[in-house]
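Presented below is the structure to which this report refers.
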Amino acid sequence: MTLTPEQQAEIEEQRGTTRQTLRATSPGMEAHLYTAYPVLDHGLVRVIDYMGDDEAICQAARVSYGRGTKSVQNDEGLIRYLMRHWHSTPFEMCEIKLHVKLPVFVARQWIRHRTANVNEYSARYSILDREFYIPQPEHLAAQSVVNNQGRGEALSGEEADRVLRYLRDDAMRAYDHYEEMISDDGQQGLARELARMNLPANIYTQWYWKVDLHNLLHFLRLRADAHAQYEIRVYAEEICKIVADWVPFAYKAFEDYRMGGTTLSATALDCVRRTLKGEEITQENSGMSKGEWREFEGLMR
Ligand SMILES: Cc1cc2nc3c(=O)[nH]c(=O)nc-3n(C[C@H](O)[C@H](O)[C@H](O)COP(=O)(O)OP(=O)(O)OC[C@H]3O[C@@H](n4cnc5c(N)ncnc54)[C@H](O)[C@@H]3O)c2cc1C
């Protein structure tokens, strides 16, 4: 992870200064605030600001459901009820603002999550750093033969060495040309907004990303999942640890109902009921397609 001296000084100053507030704070989140956690070879995630805690979720729910929530006195029980029944708006009362440094190809996946506010480093205005994501050898994997959108075994031997060499050399050559093109030493110098187009997608960018808890959990469910690409998953996993400390009840409910749980189609639910009654269910009598049956069997195993 490479932080500029200015960023390091800013973090130290922010963590060294305390202010009194009447606002609700989360002790778990206070411990993370401003700290930069390394991700991949040069990336980072750090919390810049946040709003709300588990109690804020309950407060909002109690305003909207009034007496309806009287039977659920306990905050954890109420949060579990809200998560179970997809009452999502109380979770929107909490917000988080992150500073993320990430390779451009990861940013392209991340930005598909449209329900956040983003401010990205401007490569029109500023010069990009010579920082490229180069995978560790164990993550330099072959194309998966069973999943077009995945990877298989790690490359080995001469092939692994050659691929790593290409990744490093191509990145360095592209950056040398970038520097040369923007230089105004003895020439006009190409505009930064044009010179950047020659840089590979493993170069790092940075942004501030602000999102509410409901949409963050949606992001985490998709991106901390085993089906997500490793390079975005490691960011999601780092954020999961922060969220677990920020809103422990909400995160526990999320792990239980969303990450660890599943939704069943009416047909699949009928198969569960028939199995419980002692009927032998196969793909042929299940009413499911082969793909659905494979996934259903995977769930029941
Ligand atoms: C494993 C994986 C593989 C993927 N593969 C591909 C791929 O091959 N190609 C590809 O293009 N994308 C791919 N994606 C991206 C995926 O299709 C979604 O675009 C991305 O995950 C963002 O999801 P979202 O739209 O639910 O999230 P957000 O944009 O954060 O939106 C959250 C929710 O808000 C609502 N919402 C937001 N905006 C609108 C809107 N304009 N209209 C209606 N409702 C809205 C929806 O309910 C949405 O679920 C992949 C994602 C994953 C996790």
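Every number here is computed from the coordinates shown, using simple stated rules; none is lab data. From a predicted model like this one, the values you see are computed outputs, not experimental measurements. Cβ coordinates were reconstructed from backbone atoms using ideal geometry, including for glycine residues, and neighbour counts include every protein chain displayed.
Ordering Phe105, Leu216, Ile182 by the projection of their Cα atoms onto the charge dipole of the chain, which places +1 on the Cβ of Lys and Arg and -1 on the Cβ of Asp and Glu, puts Leu216 at the extreme positive end. The C-alpha atoms of the chain define a longest principal axis, and helix 5-16 lies at about 40 degrees to it. Largest first and in whole Å, the equivalent-ellipsoid semi-axes of the chain read 41, 31, 15, each the square root of five times a Cα gyration tensor eigenvalue. Within region 244-295, which GluC sites (Glu not before Pro) sit in a loop by DSSP and count at most 14 neighbouring Cβ atoms inside 10 Å? Within region 244-295, the qualifying GluC sites (Glu not before Pro) (loop, at most 14 other Cβ atoms within 10 Å) are Glu279, Glu280.
About the Cα centre, and with charges only on the beta carbon of Lys, Arg (+1) and Asp, Glu (-1), how big is the dipole of region 137-199? Nearest 20 debye, please.
Values: 7 positive and 13 negative charges, 51 e Å.
With only Lys, Arg, Asp and Glu charged at Cβ, the dipole is about 240 debye.
What lysines sit close enough to Lys97 to cross-link, taking a C-alpha to C-alpha distance under 26 Å and skipping anything fewer than 8 places away on the same chain? The qualifying lysines are Lys210, Lys241, Lys252.
Quick one, can you get me the convex hull of the C-alpha atoms of region 246-289 expressed as volume per residue in Å³?
In region 246-289, the Cα convex hull volume per residue is 87 Å³.
Helix 157-182 and the longest principal axis of the C-alpha atoms of the chain enclose an angle of approximately 60°.
With K and R counted +1 and D and E -1, the other residues having a Cβ less than 12 Å from that of Tyr230 yield a net charge of -1. Sites counted here are chymotrypsin sites (Phe, Trp or Tyr not before Pro) in a DSSP loop (not H, G, I, E or B) having no more than 12 other Cβ atoms within 10 Å; the longest part of the chain that contains none of them is 126-301.
Counting Lys and Arg as +1 and Asp and Glu as -1, what is the net charge of the other residues whose Cβ lies under 12 Å from the Cβ of Ala160? Walk me through the numbers on the way to the answer.
Values: positive: Arg162, Arg165; negative: Glu138, Glu153, Glu158, Glu159, Asp161.
Overall, the nearby charge balance is -3.
Ignoring everything except DSSP H segments at least 4 long, calculate the 222 nm mean residue ellipticity for the chain; use -39,500 (n - 2.57) per segment, divide by total residues, nearest 500.
It lands at -13500 deg cm²/dmol.
Each residue in Thr267, Thr205 was given a count of other beta-carbon atoms within 10 angstrom of its own, and listing them fewest first yields Thr267, Thr205. Over region 30-160, the alpha carbon radius of gyration divided by the compact-protein estimate 2.2 N^0.38 Å works out to 1.52.
Could you tell me how many degrees, from 0 to 90 and to the nearest 10, lie between the Cα long axis of helix 266-276 and the main elongation axis, the longest principal axis, of the Cα atoms of the chain? It is inclined by approximately 50 degrees.
When +1 charges are put on Lys and Arg Cβ atoms and -1 charges on Asp and Glu Cβ atoms, the dipole computed for the chain relative to its Cα centre reaches about 1220 debye. Using a 7 Å offset from Cα along Cα-Cβ at Asn117, what residues in region 208-228 end up with backbone N under 11 Å from the label point? Correct set: 209-212. Could you work out how far the C-alpha centroid of region 43-59 sits from that of region 118-196, in angstrom? What the calculation gives is 33 Å, centre to centre. Summing charges over all other residues whose Cβ lies under 14 Å from the Cβ of Glu179, with Lys and Arg as +1 and Asp and Glu as -1, gives -2.
In the chain, taking the dipole from charged Cβ atoms about the Cα centre, the farthest positive-side position among Ile96, Asn202, Phe132 is held by Ile96. Note on Met300, Met259, Met93: ascending count of other Cβ atoms within 10 Å places them as Met300, Met259, Met93, the fewest first. With the convex hull constructed from alpha-carbon coordinates only, region 123-248 shows a mean projected area of 10.7 nm² over all directions.
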